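The values are calculated or read from the model by the stated rules, or taken from the named source; none is laboratory data. Keep in mind that this is a model prediction, so the values were computed, not measured. Neighbour counts are summed over all protein chains in view; Cβ atoms, including those assigned to glycine, are modelled from backbone coordinates with ideal geometry. These accessible areas exclude ligands, DNA and RNA; they are computed on the full protein's heavy atoms, side chains included. Shrake-Rupley method; radii C 1.70, N 1.55, O 1.52, S 1.80 Å.
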Amino acid sequence: MNIIHPVSGFSAAQLIDKLAHTRGQLRALTACLPADAWLGPRAEHLNPPLWEAGHIVWFQERWCLRARPDGSFAPSLLAGADALYDSSTVAHASRWNLSLLEPAAVEDYAARVSAAVAARLRAAFNDDLAYFAELCLVHELMHIEAWRMAFQNLGYAAPAQSRPQRTLPQHTERLAFAESEVTLGSGPDAGFIFDNEKWRHAVAGPVSETDYAAFVDAGGYPRSAGWSEAGRAWRTASGATHPMYWRKHQGAWQVRRFADWAPLNPHAPMLHINRFEAEACAAWMGRRLPSAAQWLRATQHANFAWGAGWEWMRNAFAPYPGFSADPYRDYSQPWFHSHAELRGGGPFTDPLLKRPGFRNFYLPHRRDPFAGFRTVSPA
Ligand SMILES: [Fe+2]
């Protein structure tokens, strides 16, 4: 295969439309930021929203307007833009100290870049430009999901359109279920079957909030079994005894959804736990996390429901054989092996990124993503 820049086949008009629609989503979130939240607290898992807004525009300009065939970049419309917004070179901890553009100036920069990108898509459309426009589109969508993670993390009121269906999907009657398990494969009662159907085995549905509460209430956090060495180190350092957005209220667990507290929901997927917590709970259940290969195979089954939350995989995020970095060189490469892989997509993931093949990745201690897990039998 010699496809360097694979594209989805969107036309120039479709890309212009999708970019504008996505920018509308970003603006709707900006409008919901509490007063004085443009910088927000300093934390490893957050970015100042004011920086992020400028960075999104900078990224689009860099790849759709400035990139030259020889790998160099033409000057930005904004003097000094690279020194402010290049995520590869501007250290994370320094982003709160920069002389960032004011919101109105970011808007102005955004308007100029959007107009120029649309003009270029109309005038000089080709596969390379389509690739970079789509790269910028999904980049912006990923930042939008990160903003929703921050809204949840900081307890801000839910932004508009933030109350998606959180209920775990109901399975159809065609499959046999034990509790929330989907059965894959065939048994000896099926008549003639091929080798690749043998044997029937269970693939659990996502672990729900109340499933997870059973682990917490059984003393799952302080117990020593089931936690990896790294997991135990995290537990000690963090002092965690329950999920980060939970509290006990009059003897019962409650979960915070943006700014509001609610009782646990047996039909809601357990979200906002890190990979160590997922791994320990799975072990307590006598099971383990699925590998990406197992998960991917399950998605080929018509009745395997996914997409209610990101799902932690058992494997680390690692390159496939023959990997070579695409033009956005720092998208994957710096994060291989240290990060864990997630699949599926969460309640705020755009449909464009809800593909079985899409590999998300986070450091295993991150609890702010909309991530949960399902388990597979250890056999
Ligand atoms: Fe980015």
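Ordered by solvent-accessible area of protein heavy atoms (1.4 Å probe), largest first, the residues V216, V7 come out as V7, V216. Available extension along the chain between H45 and H5 is 11.4 nm, counting 0.36 nm per residue and deducting the alpha carbon span. Here each label is just a point 7 Å from Cα along the line to Cβ, and for D330 and M142 those points are 1.2 nm apart.
For R257, the residues whose modelled amide H falls within less than 5 Å of its own, excluding neighbours fewer than 5 places apart on the same chain, are A262. Based on the Stokes-Einstein relation at 25 °C and a viscosity of 0.890 mPa s, and on the Kirkwood radius from alpha carbon pairs, the chain is assigned a translational diffusion coefficient of 108 µm²/s.
In this structure H365 has an accessible area near 60 Å², from a 1.4 Å probe over the protein heavy atoms. Remark on R314: its backbone amide H falls under 5 Å from those of S291, A292, a criterion applied only to residues 5 or more positions apart or on other chains, H modelled at 1.01 Å from N.
In this structure the amide hydrogen of S208, modeled in the peptide plane, comes within under 5 Å of the amide hydrogens of M270, none closer than 5 places in sequence on its chain.
Full extension of the segment from A316 to H267, taken as 0.36 nm per residue of separation minus the current Cα-Cα distance, would add 14.8 nm. In terms of packing, defined here as the mean over residues of other Cβ atoms within 10 angstrom, the peptides 310-323, 40-53 line up highest first as 40-53, 310-323.
Taking every protein chain into account, the accessible area of the chain amounts to 48 square angstrom per residue (probe 1.4 Å). For the pair N97 and R297, label points projected 7 Å from Cα toward Cβ lie 5.1 nm apart.
Note on the chain: helix-only mean residue ellipticity at 222 nm, from DSSP H runs of 4+ residues weighted -39500 (n - 2.57) and normalised by residue number, equals -10500 deg cm²/dmol. Test of understanding: extend the Cα→C-beta vector of S87 to 7 Å, then name every residue of the stretch 43-62 with backbone N under 15 Å from that spot. Zone members listed by number: 44-62.
Working from label points 7 Å from Cα in the Cα-to-Cβ sense, the F194 to S377 distance is 2.2 nm. A Förster radius of 41 Å combined with the Cβ-Cβ distance from K354 to D70 puts the calculated FRET efficiency at roughly 0.70.
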